[in-house]
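J.: Following this message is one structure expressed as structure tokens.
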Amino acid sequence: IEKINESKEVRESINETRLDKKNARKLNGSGTLTKSSKLKTASAKDPSKKELFIVEGDSASNIGRDPKFQAVFPLRGKIKNTFELTLSEALKNEEVRTIISVLNAGILQECDPEKADYHKIIIATDADADGSHIRTLLLGLFFKFMKPLIDAGYLYVVLPPLYKAVKYKNGNIDEIKMYYTEQEIEKDRSKLTGYDIHRYKGLGEMNADQLWETTMDPETRTLIQVTIDDAAQAEKRVSVLMGDKVEPRRKWIE
């Protein structure tokens, strides 16, 4: 009975998101799915060439991009912890609804990677504790509701650097080193005499050229493909640390 009800819920939610999409196109023809959605679309028609960046906050939505193949959707704060919610409850959250709608691949047993409008879904959050938290929540969302997209290899995390060390020779750049954690640069600190060291802030505080180089440019960015193991680990962390059961959390802390 639970399976039958779940299937019914999935069908109804898919019909609702399709209706959202149709109505939004009628309203402004922009491809945005709800009035409050801040999706910046890509013009390419081939999904295998398109990338959707899910970024942290409105400030990061002005990220320099190639509008032919790169779309950007900024999250407002942190999405709901989907492991505490039923499907119908999760779909009441506008951010969750919009992500599912934008991807157009369906959810749960109806999720089909072949129908996805983007074959690269890239989570781009700041390299700090808040960014890590948002990334974990997003991984949990995909693991619970859109697992076939992970199986198909469509989900990625972009790894923005924390530090850039530049060495100059005769006024020209001689060498560049990127560091992605505090531990990495501390380990190398003694070798960086004579280097100019720049600490990157959040994505929303980077200059346009820095954002392009570290996050958007396929030639220079660092992308990590998400595996089922990665998502399962995120699911475990979310369900233990943020779930409604106190005992597993107490044991984890101990």
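The values are calculated or read from the model by the stated rules, or taken from the named source; none is laboratory data. Keep in mind that what you see is a predicted model, and the values were worked out from it rather than measured. Backbone-built Cβ (ideal geometry, glycine too); neighbour counts: all protein chains shown. The area values use the complete protein model at the heavy-atom level, side chains included, leaving out ligands, DNA and RNA. Shrake-Rupley method; radii C 1.70, N 1.55, O 1.52, S 1.80 Å.
J.: What are the residues in the stretch 211-237 that are free of Cβ contacts under 8 Å to residues at least 40 places away in the same chain and either assigned to a helix (DSSP H, G or I) or not acidic (Asp, Glu) (or both), if any?
T.: Within the stretch 211-237, GLU213, PRO218, THR220, ASP229, GLN233, LYS236 qualify.
J.: Is it fair to say THR220 is surrounded by fewer than 14 Cβ atoms within 10 Å (Cβ to Cβ), within 25 Å of GLY202 (Cα to Cα) and at pLDDT 75 or above?
T.: yes
J.: Name the pairs: first residue in the stretch 62-87 and open to solvent by 60 Å² or more (accessible area, probe 1.4 Å), second residue assigned to a strand (DSSP E or B) and modelled with pLDDT of 75 or more, Cβ to Cβ under 7 Å, at least 6 apart or on different chains?
T.: Sorted first by the residue in the stretch 62-87, then by its partner, the pairs are ARG65/VAL72.
J.: Pairs please, first residue from the stretch 149-171 and farther than 18 Å from THR136 by Cα and open to solvent by 40 Å² or more (accessible area, probe 1.4 Å), second anywhere and acidic (Asp, Glu) and in a strand (DSSP E or B), Cβ atoms under 8 Å, 6+ apart in sequence or on different chains.
T.: Sorted first by the residue in the stretch 149-171, then by its partner, the pairs are LYS167/ASP174; LYS167/GLU175; LYS167/ASP196; TYR168/ASP174; TYR168/ASP196.
J.: Here is a follow-up. So which of ALA234, ALA208 is open to solvent by 60 Å² or more (accessible area, probe 1.4 Å) and modelled with pLDDT under 90?
T.: It is ALA208.
J.: Out of THR136, THR98, I need the residue that is over 30 Å from GLU182 (Cα atoms), among the hydroxyl-bearing types (Ser, Thr, Tyr) and either without any contact (Cβ under 8 Å) to a residue 40 or more places away in the chain or in a helix (DSSP H, G or I) (or both). Which one?
T.: Result of the check over THR136, THR98: THR98.
J.: Also, I was wondering about something else. Going residue by residue through the stretch 105-123, is there one that turns out to be among the aromatic types (Phe, Trp, Tyr) and either at pLDDT below 90 or open to solvent by 60 Å² or more (accessible area, probe 1.4 Å) (or both)?
T.: Checked the stretch 105-123: no residue is among the aromatic types (Phe, Trp, Tyr) and either at pLDDT below 90 or open to solvent by 60 Å² or more (accessible area, probe 1.4 Å) (or both).
J.: Hey, any hits in the stretch 130-138 for a residue that's touching a helix residue (DSSP H, G or I) at 6+ places or on another chain (Cβ under 6 Å), under 19 Å from LEU39 (Cα atoms) and surrounded by 19 or more Cβ atoms within 10 Å (Cβ to Cβ)?
T.: no
J.: As an exercise: evaluate ASP188 against (1) of a type outside the set (Phe, Trp, Tyr); (2) within 20 Å of GLY57 (Cα to Cα); (3) open to solvent by less than 70 Å² (accessible area, probe 1.4 Å); (4) without any contact (Cβ under 8 Å) to a residue 24 or more places away in the chain and give the number of the one condition it does not meet.
T.: Evaluating ASP188 over (1) of a type outside the set (Phe, Trp, Tyr); (2) within 20 Å of GLY57 (Cα to Cα); (3) open to solvent by less than 70 Å² (accessible area, probe 1.4 Å); (4) without any contact (Cβ under 8 Å) to a residue 24 or more places away in the chain leaves (2) as the failure.
J.: Continuing with the same structure: Select from the stretch 166-210 the residues that are among the aliphatic types (A, V, I, L, M) and either in a helix (DSSP H, G or I) or in contact with a Cys (Cβ under 6 Å, 6 or more places away or on another chain) (or both) and list them in ascending order.
T.: Of everything in the stretch 166-210, those that are among the aliphatic types (A, V, I, L, M) and either in a helix (DSSP H, G or I) or in contact with a Cys (Cβ under 6 Å, 6 or more places away or on another chain) (or both) turn out to be ILE185, LEU203, ALA208.
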